[in-house]
Amino acid sequence: MIELRNVTKEYSKGNSALNGVSVKIERGEFVFIVGDSGSGKSTLIRLIMKELNPTEGTIIVNGQNLNRMKHRNIAKYRRGLGVVFQDFRLFAFSLGQNVTAGADVDRARAEVCLREAGLGERLLRMPDGLDTMLYRDFDPHGVVISGGEAQKIAIARALYKNAPFLVLDEPTAALDPVSEYEVYRKFNAISGGKTALYISHRLASCRFCDEILVF
Ligand code: ADP
Ligand code: MG
């Protein structure tokens, strides 16, 4: 469970991105977060990831107060969080390495994650499967993918981590409404049993969720 108690975050004195926010997210819940650009949605995620600390208030994750988490435990804690940020980056490496975010590729698992993220058919059309190079920076035959495909690869990467907590932060920027809805449905389906946050500035795709937080 994730609980925020009266959390305020100021990036500069007197300018709060979040102001006295209290919310509880139960384990296994699918939560839709909606709000205008600049309303503090990504700030909430960065606080939960402990990339930022609250200016005031407390965040408790599974009984642990993040304010008091020891520095050496932060990396381990983050391994349990599968987050796709709005400004995620893919690398000009192979498709497989982009999914695993490392040199060692568990090929079977990477393929499963790509299929779950909705790229199964596209994978079959990749000239070298998982070894296909993305982009043309290092390989003149590299495959240039679309924004929607990049999004799905980023989702596959989060799935590959096999984290019990998944976050998709505004996949909408690069996507048309129909593709966004497809990503939303997919994310809803694959996050079954996990705690999941889906962040959007549009309310339209918001269905099948347990809770809606309006920022
Ligand atoms: P959202 O994700 O809902 O668009 P953000 O959490 O990114 O909103 O931003 C909330 C507010 O905090 C905005 O006013 C934004 O300009 C400000 N902000 C975000 N990140 C920073 C930062 N690193 N430094 C200063 N201000 C920031
Ligand atoms: Mg944001």
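Listing for the model above:
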quantity	calculated
Charged-residue dipole, Cβ positions (Lys, Arg, Asp, Glu), the stretch 35-153 about Cα centre, Debye nearest 20	620 debye
Share of pairwise Cα separations in the stretch 20-70, more than 12 Å, in percent	70 percent
Length-normalised contact order of the stretch 1-114 in % [C-alpha pairs under 8 Å, at least 6 apart]	23 percent
Distance cut-off 25 Å, percentage of C-alpha pairs in the stretch 78-192 lying past it	15 percent
Reach of Lys41 by Cα under 17 Å, taken over lysines that are not fewer than 8 positions away in the same chain	Lys9, Lys24, Lys50
Cβ-based charge dipole, the chain, positive-most Cα from Ala196, Asn98, Gly14	Gly14
Histogram of C-alpha separations across the stretch 119-162, 10 Å bin width, %	26, 57, 17, 0
Farthest positive-ward along the chain dipole, Cα basis, beta-carbon charges - from Gly63, Leu166, Ala75	Gly63
Helix-only mean residue ellipticity at 222 nm for the chain, each DSSP H run of n ≥ 4 adding -39500 (n - 2.57), per residue, nearest 500	-8500 deg cm²/dmol
The stretch 93-138: C-alpha gyration tensor shape, a/c 1.5 cut-off, then a/b vs b/c	oblate
Rg/Rh ratio calculated on Cα atoms of the chain (Kirkwood radius)	0.99
DSSP-loop GluC sites (Glu not before Pro) across the stretch 1-98, with at most 14 other Cβ within 10 angstrom	Glu26, Glu51
Estimated dipole of the stretch 86-144 in Debye, rounded to 20 [Cβ of Lys and Arg +1, of Asp and Glu -1, Cα centre]	140 debye
For the chain, built as a Gaussian network whose Cα springs stay under 10 Å, the top-fluctuating residue of Val34, Val112, Val178	Val178
Test item: Cα-centred dipole of the stretch 91-214, Lys/Arg +1 and Asp/Glu -1 on Cβ, debye	240 debye
Kirkwood Rh in Å, taken over the stretch 124-215 so that all alpha-carbon pairs contribute	14.7 Å
The stretch 90-195: trypsin sites (Lys or Arg not before Pro) in DSSP loop, at most 13 other beta carbons within 10 Å	Arg125, Arg136
For the stretch 44-123, radius of gyration divided by Kirkwood radius, i.e. Rg to Rh on alpha-carbons	1.08
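Any read-out appearing in this document is the output of simple, stated calculations on the displayed coordinates, not a laboratory observation. Fair warning: this is a prediction, and the values are worked out from it, not measured in the lab. Every residue, glycine among them, receives a Cβ derived from its backbone with ideal geometry; neighbour counts consider all protein chains shown.
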